[in-house]
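Comments concern the structure below.
The values are calculated or read from the model by the stated rules, or taken from the named source; none is laboratory data. Everything numeric here is computed off the predicted structure, so don't read it as measured data. Here the Cβ positions follow ideal geometry from the backbone for every residue, glycine too, while neighbour counts run over all protein chains shown.
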Amino acid sequence: MSARKIIIAIDGFSSCGKSTLAKQMAAILGYSFIDSGAMYRAITLYFLRHGIDINNKEQVVEALKDIHLSFHFNEERQASDICMNDENVEPYIRDLIVAEKVSPVAAIKEVRAFAVKQQQRMGKKKGIVMDGRDIGTVVFPDAELKIFMTAEPEVRVKRRFQELYPSNHNVTLDEVRHNLELRDYIDSNREESPLRQAHDAIVLDNSNLTREEQLEKVLGWVKERTTQTVAG
Ligand code: C5P
């Protein structure tokens, strides 16, 4: 028996726990984990800070030339922090201010081309778990394992609320619900790489699964794809 390194693509709606699962899998498998949403969020943060008009293509293209993104492993979080032009912007990109603007930014063709190029480069050596919206359909259409995650809307609202509340006691369930609904709508209906289940993706509905149950399930799928029986 021999284990080969593969690419694992995880896509799905907002706040389904994609990153949590991807992070767990990467740690167990010794793979790198890339949160592609963090890239779109960092670009959005740059646009907000510099007052970039997203309807002005020229401004967007010029701004992208000034953005350098990289990931640096954070021992404490056991995950990579995203750096934008050498500044660790991880603490800012989850704010609602960014969440409210990220989907329109991620719908821009030039922004997607910029991010996808870097994502594909990161997957060259395989041994990677990447989560997002178009990973199995556009970024890595040949990924050996594709998972499409979903969960009941109210479960997702509660999860995201619990994530945001510790750093923002003013956040409300309604605000979070509205943001998730709007992002899912824009992400699913945009012209460029809309959120779609790849035809060969396995659907994982985790509304009623514990993290442990979910992990056991997906590790089984990984095993099927990485273990090749060598004849003779
Ligand atoms: O995954 P996360 O919720 O952090 O992603 C933030 C936003 O980035 C999504 O709502 C979506 O608009 C965009 N995104 C995307 N394609 C990806 C990952 C994220 O369009 N591969």
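Going through (1) surrounded by fewer than 11 Cβ atoms within 10 Å (Cβ to Cβ); (2) within 14 Å of the ligand (Cβ to nearest atom) one by one, residue 41 falls short only on (1).
Regarding residue 144, is this residue on the phi < 0 side of the Ramachandran plot, more than 16 Å from the ligand (Cβ to nearest atom), surrounded by 13 or more Cβ atoms within 10 Å (Cβ to Cβ) and of a type in the set (D, E, K, R)? Against the criterion (on the phi < 0 side of the Ramachandran plot, more than 16 Å from the ligand (Cβ to nearest atom), surrounded by 13 or more Cβ atoms within 10 Å (Cβ to Cβ) and of a type in the set (D, E, K, R)), residue 144 qualifies. For residue 142, the conditions (1) part of a helix (DSSP H, G or I); (2) over 27 Å from residue 209 (Cβ atoms) are fulfilled apart from (1). Could you tell me whether any residue of region 130-140 is more than 12 Å from the ligand (Cβ to nearest atom) and either polar (S, T, N, Q) or closer than 26 Å to residue 167 by Cβ (or both)? No, region 130-140 has no match at all.
Hey, can you tell me all the residues within region 124-133 that are touching a Phe, Trp or Tyr at 6+ places or on another chain (Cβ under 8 Å) and either surrounded by fewer than 20 Cβ atoms within 10 Å (Cβ to Cβ) or part of a helix (DSSP H, G or I) (or both)? Passing the criteria: only 127. Here 110, 58, 100, 90 are screened, and the one residue that is within 22 Å of residue 193 (Cα to Cα) and buried (at least 16 other Cβ atoms within 10 Å of the Cβ) is 100. Of the residues making up region 49-60, none is at pLDDT below 95, aliphatic (A, V, I, L, M) and outside any helix (DSSP H, G or I). The residues on offer are 140, 148, 114, and the sole one that is of a type in the set (Phe, Trp, Tyr) and under 19 Å from residue 20 (Cα atoms) is 148. The listed residues are 101, 124, 109, 117, and the only one of them that is at negative phi, among the charged types (D, E, K, R), more than 8 Å from the ligand (Cβ to nearest atom) and touching a Ser or Thr at 6+ places or on another chain (Cβ under 7 Å) turns out to be 101. Would you be able to say whether some residue in region 175-196 is more than 10 Å from the ligand (Cβ to nearest atom) and touching a strand residue (DSSP E or B) at 6+ places or on another chain (Cβ under 9 Å)? Yes, some residue in region 175-196 is more than 10 Å from the ligand (Cβ to nearest atom) and touching a strand residue (DSSP E or B) at 6+ places or on another chain (Cβ under 9 Å). Within region 1-29, if we keep just the residues that are on the phi < 0 side of the Ramachandran plot and of a type in the set (Ser, Thr, Tyr), the residue that is farthest from the ligand (Cβ to nearest atom) turns out to be 2.
Taken as a whole, the structure leaves residue 19 outside the set of residues that are in a strand (DSSP E or B) and under 21 Å from residue 211 (Cβ atoms).
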